[in-house]
Amino acid sequence: MRELLTIGTFARAARLSPKALRLYDELGLLRPAAVDGESGYRYYDPGQLEQARLIAWLRQIGMPLARIRQVCDLPAPDAAEEVAAYWRQVTAETEARGRLAAFLVDHLSGRGSAMEDTTAVLGIRYAARSEPGRVRTSNEDIAYAGERLLAVADGMRGPGGDRAGAAAVDALKRVRSLSVPTADLLAALADAVGDAERAIKDIAASTPSGQVVTTLTALVRSGPRLALVHIGDTRAYLLRDGGLFQITHDHTYVQSLIDEGRLTPEEAVSHPRRSLLVRALTGTGNHPPDLSMHDAVPGDRWLLCSDGLPSVVPAAVLRETLAGPGDPQQTADELIDLAYAAGAPDNVACVVADVVADEEESAGAGDGGAAR
């Protein structure tokens, strides 16, 4: 029988820290060969060095611990394929982040828009659609599309949720008719959100629970600029030059864990609290929305959607579908079909809008269409 190594000796041989070894033990990745019953001191077999080094190497390439556990349980050929698959995923995500970085550099430096003439006239082609999930008995998702306003809201399930989402969108409809300079548009949006909060407060007062919640993501067009208001986990995506960019940031508990480095995006997908919101419209006015301005560039395609779409349709499939030849209505229908093909456990709402150079080419659901 080979002599066991103390945790300190084993750590030096594996080029790991004792702290890392204790973590691997707690996670079930690398159990010690023996533990002293009185002191709790860990001892390792020299034959465990290879697995310890493998775990360390996998951590160096950024593999999540949950996936490392899977790799360690596989035969060597299958483990090799799993590592290769992971690295292909990392490479694709790195390329996507590179496109986003380039987009942000151009956007912040003013090079991202071909519309330097602020008097330029643009148009929007648009479509909106909302459908209940396969297992849902009600649909609180709102999708609205018009010449100056695109919006998606996702009300909390239960009494008042659908009315809260509708109230949020209705408050923004008043902004589309205002004649305000582009520079004042964000302030007008903030005022509209305040109106929405007051309407939601009234709705909450008439519900048994006394509480209603809705998310909101919307774009208001003013000449060659788009004003964005966002709160919650509904999303806005921009397809530009073949790259798909998520413009909004989810206001969820799980996203906060990702931001803090305590969770990876892969681990977040199956997190039991992934739908818990940390910011939304609740009628209290305690949660300010994100407000930002964006250039409207001919050729851009925007997607606004509730979380029922990206939760079941991967980003790569969203990009491929949005980059397809279909017009906004055809594309919106295809996105809904993809969600249903993936099970559609949640309600799904989406707005697809194309920025066009000639206002006369604008088309959609008349003066504005809502779907629920």
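Structural remarks
- Among the residues of the range 44-73, the one identified as assigned to a loop (DSSP other than H, G, I, E, B), modelled with pLDDT under 90 and over 26 Å from the mean Cα position of the chain (by Cα) is D73.
- For the range 258-285, filtering for residues that are free of Cβ contacts under 8 Å to residues at least 12 places away in the same chain and assigned to a helix (DSSP H, G or I) leaves 3.
- In summary, A102 fulfils each of the numbered conditions (1) modelled with pLDDT under 90; (2) closer than 30 Å to L276 by Cβ; (3) not in a loop (DSSP other than H, G, I, E, B) with the single exception of condition (2).
- Residue within the range 179-186 that is of a type in the set (S, T, Y), touching a residue at least 12 places away in the same chain (Cβ under 8 Å) and assigned to a loop (DSSP other than H, G, I, E, B) present: no
- Selection within the range 172-186 - among the charged types (D, E, K, R), touching a strand residue (DSSP E or B) at 6+ places or on another chain (Cβ under 8 Å) and under 18 Å from H294 (Cα atoms): R176
- When the residues of the range 254-267 are filtered to those that are crowded, with 16+ Cβ neighbours inside 10 Å and more than 12 Å from the chain's Cα centre (by Cα), the one that is modelled with the highest pLDDT is L257.
- Sole residue being in contact with a Leu (Cβ under 7 Å, 6 or more places away or on another chain) and either modelled with pLDDT of 95 or more or small (G, A, S) (or both), chosen from A332, A323, A344, A365: A323
The values are calculated or read from the model by the stated rules, or taken from the named source; none is laboratory data. All of these numbers come straight from a predicted model, not from anything done at the bench. Positions of Cβ are generated from backbone atoms using ideal geometry, with glycine treated the same way; all protein chains shown enter the neighbour counts.
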